[in-house]
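The values are calculated or read from the model by the stated rules, or taken from the named source; none is laboratory data. None of the values given here were measured: they were computed from a predicted structure. Note: ideal-geometry Cβ built from the backbone for every residue, glycine included; neighbour counts use all protein chains shown. Each accessible area value is taken on the protein alone, full model and side chains, heavy atoms only, with ligands, DNA and RNA left out. Shrake-Rupley method; radii C 1.70, N 1.55, O 1.52, S 1.80 Å.
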Amino acid sequence: MKYGFENLREEQFPRMLVLEITNVCNYRCVHCPYTEIAKRDDYQPEFMDRELYEKIANETAVFKDTIFRFVCDGEPMMHPDFLWMIKYAKQKGISPVCVTTNGYFLTEDIAREMIECECDLIEVSLDAFSEETYKKIRVGGDFNRVVDNTLNLIKIRNFSKKKSKIIVSAIDQPLAKDELSEFKKYWEDRADGVVIRTLTSIGGMVQGDNKTLSKVNVGNRWPCPLLWQRLFINAAGFAEFCVDDWLDESIVGNLKTQNIADVWKSSAYDKLRHFHLQNEFTRMEKCGKCLDWPARAWDYNYFTALEKVFC
């Protein structure tokens, strides 16, 4: 199997930064660990502070074409400085700036400001075509509100003639499987793209698509592309090598005291990559017990989706 190493530049910096600016969410989705995480005695709501965010954005601005992606363990729009963060990144010349949101807080005013500052990509996670299914999957959400918000966002972008791209996404899971064709047909005529993702267990914390993933023989396991492509930064400023790490078991640095580039090029990080290249996955506890590695493909991922949208 080709892993695509020949297409990777000599990396001085991650091709993608995955930013968790908050670990707080207003939804309780069935495919997400947040419901259980929020019940833990050691759970602490976190909101990334401005000083740390500025440090991260300022360093990223030096490295052109790095994907600056707001996503992960919380809903980004619940951060009180969310709009300021988007505008700051764009003022620094970072591109593309990408936001993944559940769409609940995507009001007309916020939509206009995001479009006006030309946030490069706005992804709304819908996960259902019908209100009935949406209520089962996105517990605590409001289907009609989010659909209206998304359609209004598209109208605002179209009227303004700004360059922002808008996509919608869904996870291929049992509750939604019968609706995915309708979902794609409806939104392909309206949005700039539709992304359908594989259901994973997120480290065994939710009921993933074990039947599909188990079809891949563990003896044929490939190195995880995340180690060469992405760095996850949580709301407290810790750098982690796994974007599915909800328990902070993959910390490789502290960006309050270190630079992103230094963490990315560190000997400790290179050791992780070496273990993967040598098929020594059990040398790392987090990777050794990973159930979702078959979903981490080299030939189709978020980079591929972006290429299709921006081509």
Residue among ARG221, ARG230 that alone is in contact with a strand residue (DSSP E or B) (Cβ under 6 Å, 6 or more places away or on another chain) and at pLDDT 90 or above: ARG230
Evaluation of LYS163 against (1) in a helix (DSSP H, G or I); (2) modelled with pLDDT under 95 (one fails), failing number: (1)
Subset tally (residues that are in contact with a Lys or Arg (Cβ under 6 Å, 6 or more places away or on another chain) and under 11 Å from ALA128 (Cβ atoms)) for segment 154-184: 2
Residue in segment 124-140 that is among the acidic types (Asp, Glu), surrounded by 22 or more Cβ atoms within 10 Å (Cβ to Cβ) and not in a helix (DSSP H, G or I) present: yes
Complete set of residues in segment 98-123 that are of a type outside the set (Ser, Thr, Tyr), more than 23 Å from THR198 (Cβ to Cβ) and not in a helix (DSSP H, G or I): PHE105, LEU106, CYS117, GLU118, CYS119, ASP120
Positions within segment 11-60 being of a type in the set (Phe, Trp, Tyr) and over 24 Å from GLY204 (Cβ atoms), in sequence order: PHE13, PHE47, TYR53
Segments classed as helices (runs of 4 or more DSSP H), wholly inside segment 3-97, with at least 2 members that are at pLDDT 95 or above, open to solvent by 10 Å² or more (accessible area, probe 1.4 Å) and out of contact with any Phe, Trp or Tyr (no Cβ under 7 Å at 6 or more places or on another chain): 50-62, 82-91
Failed item in (1) crowded, with 20+ Cβ neighbours inside 10 Å; (2) under 28 Å from LEU121 (Cβ atoms); (3) not hydroxyl-bearing (Ser, Thr, Tyr), with CYS287 passing the rest: (2)
Whichever residue in segment 220-239 is hydrophobic (A, V, I, L, M, F, W, C) and in a strand (DSSP E or B) and, among such residues, is surrounded by the fewest Cβ atoms within 10 Å (Cβ to Cβ): PHE238
Any chance ASN158 is open to solvent by 20 Å² or more (accessible area, probe 1.4 Å), within 21 Å of VAL195 (Cα to Cα), in contact (Cβ under 8 Å) with a residue 12 or more places away in the chain and not in a loop (DSSP other than H, G, I, E, B): no
Of residues in segment 98-113 being within 20 Å of the chain's Cα centre (by Cα) and farther than 23 Å from VAL62 by Cα, the one surrounded by the fewest Cβ atoms within 10 Å (Cβ to Cβ): PHE105
All positions within segment 244-272 that are part of a helix (DSSP H, G or I), of a type in the set (Ser, Thr, Tyr) and open to solvent by 10 Å² or more (accessible area, probe 1.4 Å): SER267
